[in-house]
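The values are calculated or read from the model by the stated rules, or taken from the named source; none is laboratory data. Because the structure is a prediction, the values reported are computed rather than measured. Ideal geometry is used to build each Cβ from the backbone, glycine not excepted, and the neighbour counts take in all protein chains shown.
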2 protein chains.
Amino acid sequence: MPPTDAPATARLAARWADWFPVLRWGRDCTQATFTADLTSAAVVTLLLIPQALAYALLAGMPAVTGLYASVLPLVVYALMGTSPVVAAGPAALRSVMSLAAVGAVAATGSPAFIAASALLAVMVGAMLLVMGALRMGFVAGFLSHPVLSGFVTAAGLLIAMSQLPHVLGMPLASQNLGAFLRSLWQHHTQVHSLTLAVGLGAVATLWAARRWLQPGLRRLGTPAGAADLVSKAAPLLIMIGAIAITANTGWEARGLAVVGEIPQGLPALTLMAFTDTTPEMLRLLLLPALLIAVLTFVEQISMAQGMAAKRRERVDTDAEMRAMGGANLASGLSGAFAVGASFSRTVVVAESGARTPVAALLTAVLLGLAALFLTPWLRHLPLAVLAATILLALGSLMDFASFGRTWRFSRADFAAQALTFGTTLLVDLVSGLTAGVVASLALHIWHSSRPHIAEVGNVPGTEHYRNVRRHAVTTHPRILSLRVDGSLFFANARFLEDRIAAEVASHPDLRHLILLCNAVNDIDASALESLRTIQQRLSDAGVLLHLSEVKGPVMDRLERSDFLAHLSGGVFLTHHQAVAALSA
Amino acid sequence: MPPTDAPATARLAARWADWFPVLRWGRDCTQATFTADLTSAAVVTLLLIPQALAYALLAGMPAVTGLYASVLPLVVYALMGTSPVVAAGPAALRSVMSLAAVGAVAATGSPAFIAASALLAVMVGAMLLVMGALRMGFVAGFLSHPVLSGFVTAAGLLIAMSQLPHVLGMPLASQNLGAFLRSLWQHHTQVHSLTLAVGLGAVATLWAARRWLQPGLRRLGTPAGAADLVSKAAPLLIMIGAIAITANTGWEARGLAVVGEIPQGLPALTLMAFTDTTPEMLRLLLLPALLIAVLTFVEQISMAQGMAAKRRERVDTDAEMRAMGGANLASGLSGAFAVGASFSRTVVVAESGARTPVAALLTAVLLGLAALFLTPWLRHLPLAVLAATILLALGSLMDFASFGRTWRFSRADFAAQALTFGTTLLVDLVSGLTAGVVASLALHIWHSSRPHIAEVGNVPGTEHYRNVRRHAVTTHPRILSLRVDGSLFFANARFLEDRIAAEVASHPDLRHLILLCNAVNDIDASALESLRTIQQRLSDAGVLLHLSEVKGPVMDRLERSDFLAHLSGGVFLTHHQAVAALSA
């Protein structure tokens, strides 16, 4: 339908701008913002190239797909996202989850594995796009904080286990702790000493560079900016050094594993890879895709909001969800793997002075050039060096201290956290996260299943009613007043039945039961059925049911059923009116 | 450890009496209660024999196991239960769920199928015993009322589909609506006319007897009691008639399916049947067993409470759970199938004047005699007659009117109900119930994810604070007061972050944010993390965070963390004190 009048055009434009915020901020770009963005893009590229290669390895994918996963996703996020600093692209947690999920449907490294990894990214992208379009940001609520931190910490340990084989030069299983320890026991004599030397050397150099390079350069008189830039580029410089060494020594022939031959150029956007998709494969990838989608959104939105808060900016939750959906779709169609927001790169983007999402577009251009011209050099890069890069990045992922904090704060939350951590480490990533979500829901239902219900009595000389256990109040032997402190829904409806049955059994002279509903904010169909049941049982026992101080929304809802028409007692505006009328 | 002093003995006795309430009511039995109980037992037996045989057929088990499922479970429930009228034993819903679950691990009718059915009953029993011992009655809360009624209605339709083959004399699939319609289309020419005639004859006779027998006998001058008894015994009399006819005609030779040869006597309690159990079988039966256990408990407890309410008696939820666990364990060890509380028989037990659980013990004795001496006669019983008995009982199970009631009351509840109904009918029983539970949890989280948060201002001349949108109140440009109407937990913690970020972005002069917490009843670790995040972001934006009117339990909890120690603002006893101090 073409827009025929001005308001319709404006509405359409606004809707387009909701989906593509670039249409709003695009006109604010100037030469000054462009210079700032170009500087930032150069710094970020130096950090991104080694990370992209390493996280591809972590996902079990060819190293070059890490570059593919950085180009188009950056472009799509820049056009659809609302944060100028969130860095979309390869990220550790998503890569290891992708490996675990796709490893269940195809042999690692096979063409089918590569196609399934891309398919998983497309599924994650489609889910995020749909959830964003339906404004389903509430799904983030399913991942409670203790469950998330328990999961991420265990995932960090699993990532470390998955990279140790590359550093030790021996084959080790890493899907869970048991498999890792068993294979370590079986293969512990097979350490490849040259690989181990290169791996340890890389770890030590990276660690030393991170710790001493920047202050060292400053002490030698280098300007702060230059020292900072060099230390950020250190991982890339170390990789170049490693490539130079392996290219000029016989180490490859002596068994040092390297990245190997990779295709040059940019990937063609293609749907051909998905022709072998079977319904069984889609079914197996469904739950992992959903978990990755929710996890990606949760991480991304906390980064985006955290960054926006400092500038008193606003982030549009739904637009962020759609943007990351688009980024994953783009990654999958580039033949790469699931992507997300990288915490380390987001911090660097903000620190290096990016002003608009143009910085991300420029980063994508630089990465594209790297994919075009750098790939021939990558073949000599030792896997041990890439693995070292990943190991060094794990510290920021794991948070063991949070276990102690949660234990002190709440045993129930700790139980959910420990269950998530243990299941992730001992079974696998998907089971761990699922167990955590189920456990926090179950604990919530358990906790909600016993709302506080107090018998109240009149504070003499006033119209106030208070808990009989805490205050000196007067009650009437034929009237029982119960105050329900909470909304009534399926998890606690039966408790209310139970509690009222107990009260009626212990008050033999009872003729009137009044429910004081001033704290009931909502009521669902299960609670309504329970009220019906309660009223029926009270009638059988010769007791009338009354309600007092029912809130507007609850009253509206009750009026949509026939409950009030058949109520044995009355509905009173105030509790005092009820007691006065019934004791008369 | 032997009891060494009187109080310890008394405690031990009390604990035994908790598990076996018979130790409490046993001493109240007199000759008068015995006579009443014996009369009731005789009436119930007449109803139970045909039901037991029919529900065994429904579970895909040999008819005689229906009798086994009635003897020991009745005894165990009588000793461990707290309701004198709840009738434990075969029940329609559990039988069809048992068939669906066990059908997935063994071929219907095979020895492995019979063993797996008994194993399922043992698993259900063990789960109920453990949940009862751990006082986990809250699990009933997972089954919301709309989900339960959607499930039971769809299950009723599936039961009807499973019995039609016996009435039509043709093979039909019945695991879901699609399979049923497909096989009906394939086999619609194969109706066996003799079977159809017997089946329709049985349905018509049973329906006529239910509708006209009791009033007809009364009109002919029969005393009320006798008329009632004859009409209750009608299904049994019709079965006896059918047996007499098939035994004396050549109908079996003409292809009328009958119960066939069955072993005589009582089953030996045996664990031998479980020697072939594989871990894979246990894994496949785990979810169905859990769902059957929860469903059984929910149905049983509503019957027990409903019956107890009329007499102002109390039911012990945990004892009921353990009693039904014991009954299922007994049924499994007798080589039978999962049992529960039967609604129709419970009503008959109460109406026929049972006074104590001795009535159930006497029923068990009568059933045992039936199993010993009746079985030779059963071989001629046509399956079409048993199926007719089941079809006639379905009316009470299905509740189509509840869909309309739920639709009018709440669209969210209706969605959960319709999803459960549709999935049960179109996929299978276990998927349907699982989908319903997941949907009601998801809807609850969605609903809880946006708590009401109001900006409040001072009612001039008072110390009261009210919503700025509804009342004429005064506010301060540098102070923002937000009242949170609900407990804070993982599902809504992020919404709070979001909402506060929006408020801060739209109040450029803001210096102080006060959260009025008088309606916050609880707070979990996720909400605590969100408060930390909020405080960090507010600090970045130069705003201090204060709390006012924090309830005791929430304050206790916050004090167990270091949140209050690092709070940028203060904690105020009343909101007015906070505003007064900060605007000064």
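Condition check: touching a residue at least 60 places away in the same chain (Cβ under 8 Å), within 14 Å of chain B (Cβ to nearest Cβ) and surrounded by 16 or more Cβ atoms within 10 Å (Cβ to Cβ). Does A:A439 satisfy that?
Yes; evaluated as a whole, the condition is true for this residue.
Only one residue in B:V438, B:V430, B:V456 is part of a strand (DSSP E or B), modelled with pLDDT of 85 or more and among the hydrophobic types (A, V, I, L, M, F, W, C). Which one? Break it down into steps so the answer makes sense when it comes.
Numbers: B:V438 fails: part of a strand (DSSP E or B); B:V430 fails: part of a strand (DSSP E or B).
Answer to the selection: B:V456.
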Return the only residue of B:E313, B:E299, B:E351 being charged (D, E, K, R) and closer than 23 Å to B:L99 by Cα. B:E299
Restricted to region B:398-412, and to residues that are surrounded by 17 or more Cβ atoms within 10 Å (Cβ to Cβ) and part of a loop (DSSP other than H, G, I, E, B), which residue is nearest to the other protein chains (Cβ to nearest Cβ)? B:S410
Conditions: (1) facing chain B (nearest Cβ under 8 Å); (2) on the phi > 0 side of the Ramachandran plot. A:E497 meets all but one. Number of the miss? (2)
How many residues are over 22 Å from A:L426 (Cα atoms) and in a helix (DSSP H, G or I) if we restrict to region A:118-156? 22
Number of the condition not met by A:A273 [criteria: (1) more than 14 Å from every other protein chain (Cβ to nearest Cβ); (2) at pLDDT 90 or above]: (2)
For B:Q535, work out the one condition from (1) within 10 Å of chain A (Cβ to nearest Cβ); (2) within 20 Å of A:S144 (Cβ to Cβ); (3) of a type outside the set (A, V, I, L, M) it doesn't fulfil. (1)
Only one of A:G178, A:G103, A:G150 that is of a type outside the set (A, V, I, L, M, F, W, C), under 24 Å from A:L433 (Cβ atoms) and within 14 Å of chain B (Cβ to nearest Cβ): A:G150
Is it the case that A:L220 is out of contact with any strand residue (DSSP E or B) (no Cβ under 7 Å at 6 or more places or on another chain) and under 23 Å from A:S40 (Cβ atoms)? no
Matching residues in region B:214-224 - criterion: being within 19 Å of B:V348 (Cα to Cα) and more than 34 Å from the chain's Cα centre (by Cα): B:P215, B:P223, B:A224
Of the conditions (1) aliphatic (A, V, I, L, M); (2) buried (at least 24 other Cβ atoms within 10 Å of the Cβ); (3) farther than 30 Å from B:A308 by Cα, B:V105 clears all except one; give me its number. (2)
In this structure, does A:R355 turn out to be surrounded by fewer than 21 Cβ atoms within 10 Å (Cβ to Cβ) and more than 11 Å from chain B (Cβ to nearest Cβ)? yes
Look through A:I445, A:I453 and report the one residue that is farther than 14 Å from A:E503 by Cβ, surrounded by 16 or more Cβ atoms within 10 Å (Cβ to Cβ), within 14 Å of chain B (Cβ to nearest Cβ) and touching a residue at least 12 places away in the same chain (Cβ under 8 Å). A:I445
Can you tell me how many residues in region B:470-489 are more than 14 Å from chain A (Cβ to nearest Cβ) and without any contact (Cβ under 8 Å) to a residue 24 or more places away in the chain? 5
Scanning region B:124-147 for residues that are more than 14 Å from chain A (Cβ to nearest Cβ) and surrounded by fewer than 23 Cβ atoms within 10 Å (Cβ to Cβ), which turns out modelled with the lowest pLDDT? B:A133
Region A:147-193, residues that are more than 31 Å from the chain's Cα centre (by Cα) and among the β-branched types (V, I, T): A:T189, A:V191
Scan of region B:556-584 for residues that are touching a residue at least 12 places away in the same chain (Cβ under 8 Å), loosely packed, with under 14 Cβ neighbours inside 10 Å and within 14 Å of chain A (Cβ to nearest Cβ), ordered by number: B:H566
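Considering region B:298-314 alone, what residues qualify as being more than 16 Å from the chain's Cα centre (by Cα) and buried (at least 24 other Cβ atoms within 10 Å of the Cβ)? Talk me through it step by step, then tell me what you get.
Restricting attention to region B:298-314, the residues satisfying the condition of being more than 16 Å from the chain's Cα centre (by Cα) are B:307-314.
The answer is B:A309, and nothing else.
Within region A:548-557, can one find any residue that is under 20 Å from B:S440 (Cα atoms) and either in contact with a helix residue (DSSP H, G or I) (Cβ under 8 Å, 6 or more places away or on another chain) or of a type in the set (D, E, K, R) (or both)? Write out each step before concluding.
Initial filter on region A:548-557 (under 20 Å from B:S440 (Cα atoms)): A:554, A:557.
Pick out the ones that are also either in contact with a helix residue (DSSP H, G or I) (Cβ under 8 Å, 6 or more places away or on another chain) or of a type in the set (D, E, K, R) (or both) and you get A:557.
Looking through region A:548-557, at least one residue is under 20 Å from B:S440 (Cα atoms) and either in contact with a helix residue (DSSP H, G or I) (Cβ under 8 Å, 6 or more places away or on another chain) or of a type in the set (D, E, K, R) (or both).
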Just the residues that are surrounded by fewer than 15 Cβ atoms within 10 Å (Cβ to Cβ) and of a type outside the set (A, V, I, L, M, F, W, C), please, taken from region B:149-197. B:P171, B:G178, B:R182, B:Q186, B:H188, B:T189, B:Q190, B:S193
Restricting to region A:371-389, name every residue that is in a helix (DSSP H, G or I) and either surrounded by fewer than 20 Cβ atoms within 10 Å (Cβ to Cβ) or β-branched (V, I, T) (or both). A:L372, A:F373, A:T375, A:P376, A:W377, A:V385, A:T389
Can you tell me which of (1) among the small types (G, A, S); (2) over 20 Å from A:N176 (Cα atoms); (3) touching a helix residue (DSSP H, G or I) at 6+ places or on another chain (Cβ under 7 Å) is the one A:A100 doesn't meet? (2)
Over region A:306-321, the set of residues modelled with pLDDT of 80 or more and within 8 Å of another protein chain (Cβ to nearest Cβ) is A:T317
Candidates A:D498, A:D485 - the one that is assigned by TED's automatic domain parsing to the domain that holds A:H575 and within 21 Å of A:R532 (Cβ to Cβ): A:D498
